[in-house]
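The values are calculated or read from the model by the stated rules, or taken from the named source; none is laboratory data. Not measured: the values here are computed from a predicted model. Glycine also receives a Cβ, built like all others from the backbone with ideal geometry; neighbour counts cover every protein chain displayed. Each accessible area value is taken on the protein alone, full model and side chains, heavy atoms only, with ligands, DNA and RNA left out. Shrake-Rupley method; radii C 1.70, N 1.55, O 1.52, S 1.80 Å.
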Amino acid sequence: MSASKFLDVLKNEGLTVVQVGDWRTHNRNHKGPWGPVHGVMIHHTVTKGTAATVRICRDGYAALPGPLCHGVIAKDGRVHLVGYGRANHAGSGDDDVLRAVIAEKALPADNESNTDGNRYFYGFECENLGDGKDPWPAVQLEAIEKAAAAICRYHGWSAPSVIGHLEWQPGKVDPRGFTMASMRTRIRDRLK
C-alpha cells in the first residue's frame, strides 16, 4: 500500500494520527528491499515521554539509524507516523516464524536469527518502559489493536499475522506487560 493509503487505513479504523516531518519518504530502502510485507510486529520502546520517544523512533541513534518503526503508539493512544518503507525495527529473526505468519498458523518457538524482518513487517513501537511495571493504558492497548487490525483489514490478513518482537527474535522480550495472545484475540474480534 502507498504511504497515503497507510494513513487512510489507520484513520478509517478510528485512530488519531500525527504525521511527523517527512514520514512518507523517511526510510532505510537504500539498505535493502521492503516487501513483500507479510505481517505487523509490535514492540515496546523502553522510553518515557512521548516527545522523546517519537524523536528516538524517528531519528534512531548512532548504532541504529531511524526510522525505528513506521508508527509510534503513545500512551494517549495517538499514532505518530515516523517512517514508511524499510525501517530498523525487526532485525533478523526466525524463518520458521515468518512461514507461520504467512500461513497464518500457530507460531513455532523462535530459535534462529536467519531472516531479515525489516523487509517483511510493518512495525509499531509502543511507548512503555518495558519493565513489566509501567502501565499500558486502555486507550493505548485499543490503539495497538486498531492499528494492527487496520493493516490486516487492508491486506486481507487475520490476527495471526500480528506478532510481538519476542516471537520473532530469540532473546527479545517486547512487548512486555500484555500478551500477544490477548492482543491477537482483540484483533480477531475487531476484524469480525
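Things to note:
- All told, ASP76 falls short of being acidic (Asp, Glu) and either surrounded by 14 or more Cβ atoms within 10 Å (Cβ to Cβ) or not in a loop (DSSP other than H, G, I, E, B) (or both).
- Pairs where the first residue, in segment 19-35, is touching a residue at least 12 places away in the same chain (Cβ under 8 Å) and under 9 Å from VAL82 (Cβ atoms) and the second is part of a loop (DSSP other than H, G, I, E, B) and of a type in the set (A, V, I, L, M, F, W, C), C-beta under 9 Å, 6+ apart: VAL20/VAL82; GLY21/VAL82; TRP23/VAL82; HIS26/VAL20; HIS26/VAL82; HIS26/ALA87
- Filter result for LEU191 (open to solvent by less than 60 Å² (accessible area, probe 1.4 Å) and either under 15 Å from the mean Cα position of the chain (by Cα) or modelled with pLDDT of 95 or more (or both)): yes
- Within segment 151-173, being touching a Gly at 6+ places or on another chain (Cβ under 9 Å), in a loop (DSSP other than H, G, I, E, B) and surrounded by fewer than 20 Cβ atoms within 10 Å (Cβ to Cβ) holds for PRO170, LYS172, VAL173.
- Yes/no for LEU107 being in contact with a Lys or Arg (Cβ under 6 Å, 6 or more places away or on another chain) and open to solvent by 40 Å² or more (accessible area, probe 1.4 Å): no
- When THR16, THR50 are screened for being among the β-branched types (Val, Ile, Thr), at pLDDT 95 or above, open to solvent by 40 Å² or more (accessible area, probe 1.4 Å) and out of contact with any helix residue (DSSP H, G or I) (no Cβ under 7 Å at 6 or more places or on another chain), only THR16 passes.
Yes/no matrix, rows are residues, columns are (1) farther than 18 Å from PRO67 by Cβ; (2) open to solvent by 20 Å² or more (accessible area, probe 1.4 Å); (3) modelled with pLDDT of 95 or more:
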position: HIS89; (1), (2), (3): no, no, yes
position: VAL97; (1), (2), (3): yes, no, yes
position: ALA100; (1), (2), (3): yes, no, yes
position: CYS126; (1), (2), (3): no, no, yes
position: ASP134; (1), (2), (3): yes, yes, yes
position: GLU142; (1), (2), (3): yes, yes, yes
position: LYS146; (1), (2), (3): yes, yes, yes
position: ALA149; (1), (2), (3): yes, no, yes
